[in-house]
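**Student:** My questions will all concern the structure given below.
Since every read-out is calculated from the coordinates, none of them should be taken as a lab result. None of the values given here were measured: they were computed from a predicted structure. Glycine gets a Cβ as well: all are built from the backbone with ideal geometry, and neighbour counts include every protein chain shown.
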Amino acid sequence: MGSVMQLVLLLIVMAGFGLLEATSKRALRYQVTPDDTKLELAMFVSLIAITQPLIILVTNALCQAFMPASHDALLHLPLLAMVALLLIGDDLTQYLWHRASHTPLLWPLHRAHHTAHYMSLRVTYRNNFFYYAMMPGIWIAALLVYLGLGKVYAVYVLVKLAVIVGAHSAWRWDEPLYRVRALSPVMWIVERTISTPATHWAHHALTNADGVGHYKGNFGNLLFFWDVLFGTAKITRQYPPAVGLQDDNLYGKERWFTEMFYPLVQSRREHSALRFGARAYAESETASDAKGAAPALAE
């Protein structure tokens with residue numbers, strides 16, 4: 001019953017941001033393709049109905065087999081200690097996984113998250129299927145739940161979802177707050193603590209040349225503090241004029257099933273990170289260079 005209630009609350013949070021987005025003129029300007037919708041819907045359903053439940057079941061079975069006496073072993077810990085364990089075991093490891101996913105080896109598993117040419121709550125779980133299946137934080141969170149952090153995790157994940165959805169949403173909740181001079185000290189702390197639309201939109205920027213984009217940083221999910229701590233933060237209180245990927249503009253977007261199920265499904269595009277042996281678009285290449293020659297892998 002607890003998991004059902006949690007799912008209901010998650011859907012309520014997303015519905016709330018959806019209503020706020022519906023009132024935003026910015027969201028109405030987005031041109032969403034059928035492939036965008038298929039990818040985002042398929043990934044959301046697969047994560048909620050397949051990936052997370054399967055990870056929980058497998059983790060629980062392994063723990064029952066190899067460490068049965070440790071069930072609820074951490075139940076006696078103070079609340080702050082439990083929260084700290086979740087922030088480190090789930091959120092810090094997700095920051096590190098996200099950061100590693102911007103290297104050539106893992107980029108194909110995360111690329112789908114950046115192919116959206118718009119920002120919206122629907123982008124939140126837009127990714128490759130195996131990106132979440134291999135995410136260390138989900139496995140560690142399942143272990144911590146087995147060890148007794150289940151009730152705290154239920155609240156923690158709701159807070160995290162609200163922050164992450166808010167950071168992706170077309171409704172930029174931080175924008176009006178920056179204009180209130182009296183709130184400037186408060187927002188200075190907020191934007192260095194949690195992910196905000198301004199910092200996370202910069203991560204999705206089409207280019208860094210606009211002075212706002214920072215797609216090789218701002219990796220934080222719940223806590224933006226990890227970026228501050230590890231030197232990957234860029235804070236401008238501005239929003240990039242465009243988001244997405246340059247190679248999609250040059251060569252056309254990949255099909256939704258290729259983005260979701262790579263490496264089981266390979267791309268047919270000439271320059272692609274989603275095909276073995278293909279050369280992907282290089283960030284250092286100009287558009288004219290990329291059209292004339294196959295650039296080196298550098299995504």
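**Student:** When you count, for each residue, the other Cβ atoms within 10 Å and take the mean per peptide, how do 197-204, 86-93 rank with the highest first?
**Tutor:** 197-204, 86-93
**Student:** Points 7 angstrom from Cα along the Cβ direction at Y30 and Q64: gap in nanometres?
**Tutor:** 4.0
**Student:** Calculate for the chain the 222 nm mean residue ellipticity that helices alone would give, adding -39,500 (n - 2.57) per DSSP H run of length 4 or more and normalising by residue count, nearest 500 deg cm²/dmol. If you can, show how the numbers build up before the last one.
**Tutor:** Working: 17 runs with 148 residues, N = 299.
Computed mean residue ellipticity for the chain: -14000 deg cm²/dmol.
**Student:** Using DSSP H assignments, which helices in the chain have an axial alpha-carbon span of 24 Å or above and a mean Kyte-Doolittle hydropathy of -1.0 or higher? Before the final figure, lay out each step's value.
**Tutor:** Values: long enough: 2-22 (30 Å, 1.96); 150-168 (27 Å, 1.49).
Span-like helices here: 2-22, 150-168.
**Student:** Another question about this same structure. In Å and on Cα atoms, what radius of gyration and Dmax does the range 91-240 show?
**Tutor:** Using the Cα atoms of the range 91-240, the pair Rg, Dmax is 15.4, 47 Å.
**Student:** Further question: If we sort 219-227, 39-47 on the protection proxy, mean other Cβ atoms within 10 Å, highest first, what's the order? Intermediate results must be reported in sequence, preceding the final value.
**Tutor:** On the way: 219-227: 23.6, 39-47: 18.6.
My ranking of the peptides, most packed first, is 219-227, 39-47.
**Student:** Please give the length that would be gained between A84 and L183 if that part of the chain were fully extended, namely 0.36 nm times their separation in residues minus their C-alpha to C-alpha distance (nm, one decimal).
**Tutor:** Taking A84 through L183 to full extension adds about 32.9 nm, to one decimal.
**Student:** Rounded to whole Å and sorted largest first, list the principal axis extents of the Cα atoms in the chain.
**Tutor:** 63, 52, 35
**Student:** Also: Give the Rg/Rh ratio for the range 2-177, taking Rg as the radius of gyration of the Cα atoms and Rh as the Kirkwood radius, to two decimals.
**Tutor:** Checking Rg against Rh, the ratio lands at 0.99.
**Student:** Largest first and in whole Å, what are the equivalent-ellipsoid semi-axes of the range 37-106 based on the Cα gyration tensor, each being the root of 5 times an eigenvalue?
**Tutor:** 28, 19, 13
**Student:** Quick one: if the Förster radius is 30 Å, what FRET efficiency do L10 and E270 give, using the C-beta to C-beta distance and rounding to 0.05?
**Tutor:** 0.15
**Student:** To continue, here is another question. Round to a whole angstrom and tell me the spacing of the C-alpha centers of the range 63-126 and the range 133-174.
**Tutor:** Between the Cα centres of the range 63-126 and the range 133-174 lies a distance of 7 Å.
**Student:** Using all alpha carbons of the range 175-228, what is the percent of pairwise distances in each 5 Å bin, ordered from the shortest bin to the longest?
**Tutor:** 5, 22, 25, 22, 19, 8, 1
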